[in-house]
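Student: Submitted below is the structure of interest, expressed as structure tokens.
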Amino acid sequence: MEGRERIIEVDCITHVYPDQTKVQICGLEFVVNRGERVSILGSNGCGKTTLLKHLLGLLVPKEGRVRVFGIDPTKEYPEVRERIGVVMQDVDEQILGPTVYDDILFAPLNYGLEKKKAKGLAEAVIEKLNLGSLQKKMVHYLSGGEKKKVALAGALVMEPDLLILDEPFTGLDPLSRKELISILNELNREKGITFIMTLHEVDLVSEVSDILYLMHGHGHLSERGSPEEIFGRFKELENFNLEEPTLIRLFRGLKKEGLDFGSPLRIDEAIQLIKKKWNDKQKP
């Protein structure tokens, strides 16, 4: 978006894994502006997680350029990581504390904050995410949705500018997924936190994204735009082995039957369009 600060720039990077698997994240330049909600949509194994690990400075590109907050995350790792919260796909790998409270307190103490300040940050994020009833519980015995919330709390406790989420909705039941979507959007709206998340569920994209990138093959970025722009080009989606979102398929089918309500991507939009069409029909 014009006038917004670029906080992420990735220009055609190449990474070679130890088994000689080569991932080239090329095609379009990957750009994220401050305050945006950006999703990367693609099938498993296409390179989404590889991209995220380069943003975090966990992988070093063999070729190409990565800039996070204007610096190279592999060379200025501590400075970059302090400004980024992360929720990985397997949250068990990042939850370290025996209890929920211990785990959330770990990051601020690890960064050298005095105990009083660290406790204040931990208690604030516990209140924000409604984790008070869980804070004394052993993390090992929590449900998958509860563990995701604990991992999110650990990612947010240091009040990051950027939140990176790798398949955050995988394995969640519908209610937990709805709650997580609500929390993330509230954080973006109220705190201005920038999101980058990987997804493969097309039906969730419009709920959590301003900008959508499509990735296929081994890292090829060939589409960038709003969800409305991307999903309006169904024939191109087929090249990515992706289906249209359920609502688009439904309203496209209705249109073929002579009932044109538009092409909503969210339930609330669909309700308003149907309501408007109905009210217009009732007018004399």
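Student: Ordered by residue, what ³J(HN,Hα) values in Hz, to whole numbers, does region 201-211 give under the Karplus form 6.51 cos²θ - 1.76 cosθ + 1.60, where θ = phi - 60° and Gly and Pro are x?
Tutor: Per-residue couplings from phi come out as 8, 5, 5, 8, 4, 5, 6, 10, 9, 9, 10 Hz.
Student: Which Cys residues of the chain have no other Cys beta carbon under 4.7 Å away?
Tutor: CYS46
Student: Between (i) 51, 43, 30; (ii) 69, 47, 38; (iii) 55, 44, 36, which entry matches Cα extents along the principal axes in Å as derived from the coordinates of this structure?
Tutor: (ii)
Student: Please work out whether region 91-159 counts as rounded, prolate or oblate from its C-alpha gyration tensor, where a ≥ b ≥ c are the square roots of the eigenvalues and a/c under 1.5 means rounded, while otherwise a/b larger than b/c means prolate and anything else oblate?
Tutor: Prolate, because a/c is 1.5 or more and a/b exceeds b/c.
Student: Just for the chain, what percent of DSSP beta bridges are antiparallel, to the closest 5?
Tutor: On the way: 20 of 40 bridges.
Within the chain, antiparallel bridges account for around 50 percent of the total.
Student: While we're looking at this one, here's another question. Give the residue from VAL205, HIS220, LEU259 lying farthest towards the positive end of the charge dipole for region 195-283; charges sit on Cβ (+1 for Lys and Arg, -1 for Asp and Glu) and the dipole is referred to the Cα centre.
Tutor: Positive-most Cα among the choices belongs to LEU259.
Student: Pull up the DSSP beta bridges for region 54-208 and report the antiparallel fraction as a percent, rounded to 5.
Tutor: On the way: 2 of 11 bridges.
Once the DSSP bridges in region 54-208 are tallied, antiparallel ones form about 20 percent.
Student: GLU186: net charge of surrounding residues, Cβ under 11 Å, Lys/Arg +1, Asp/Glu -1, itself excluded?
Tutor: +1
Student: A further question on this structure: Can you give me the C-alpha center-to-center distance between region 48-64 and region 164-237, rounded to a whole angstrom?
Tutor: Computed from Cα coordinates, the inter-centre distance equals 20 Å.
Student: Taking only C-alpha pairs under 8 Å that are 6+ residues apart, what is the relative contact order of region 245-284 in percent?
Tutor: Details: 25 pairs, mean separation 12.8, N = 40.
It rounds to 32 percent for region 245-284.
Student: Here's another thing I want to ask about it. I need the peptides 179-186, 214-221, 26-33 ranked by packing, meaning the mean over residues of other C-beta atoms within 10 angstrom, with the highest value on top.
Tutor: In decreasing order of mean packing, 179-186, 214-221, 26-33 become 214-221, 26-33, 179-186.
Student: Give me the percent relative contact order of the chain, please, defined on Cα pairs under 8 angstrom at least 6 residues apart.
Tutor: Averaging sequence separation for qualifying contacts and normalising by length gives 23 percent for the chain.
Student: So who's got an amide H within less than 5 Å of the one on LEU163, skipping anything under 5 residues away but keeping other chains? H placed 1.01 Å off N, in plane.
Tutor: Counting only residues 5 or more places away or on other chains, the set is GLY85, THR194, PHE195, ILE196.
Student: Here is a further query. Please sort 201-210, 90-99 by packing, taking for each peptide the average over its residues of neighbouring beta carbons within 10 angstrom, highest first.
Tutor: Packing proxy ranking, top to bottom: 201-210, 90-99.
Student: If you don't mind, there's one more thing I want to ask. Rounded to the nearest 500 deg cm²/dmol, what is the calculated helix-only ellipticity per residue at 222 nm for the chain, with -39500 (n - 2.57) per DSSP H run of length n ≥ 4?
Tutor: -11500 deg cm²/dmol
Student: With the Cα gyration tensor of region 245-284 giving a ≥ b ≥ c as the square roots of its eigenvalues, does the rule (a/c under 1.5 for rounded; else a/b larger than b/c for prolate; else oblate) give rounded, prolate or oblate? Walk me through the intermediate numbers first.
Tutor: Working: a/c = 4.02, a/b = 1.47, b/c = 2.74.
Because a/c hits 1.5 or more and a/b fails to exceed b/c, region 245-284 counts as oblate.
Every number here is computed from the coordinates shown, using simple stated rules; none is lab data. Because the structure is a prediction, the values reported are computed rather than measured. Neighbour counts run over all protein chains shown; Cβ positions are idealised from the backbone, glycine included.
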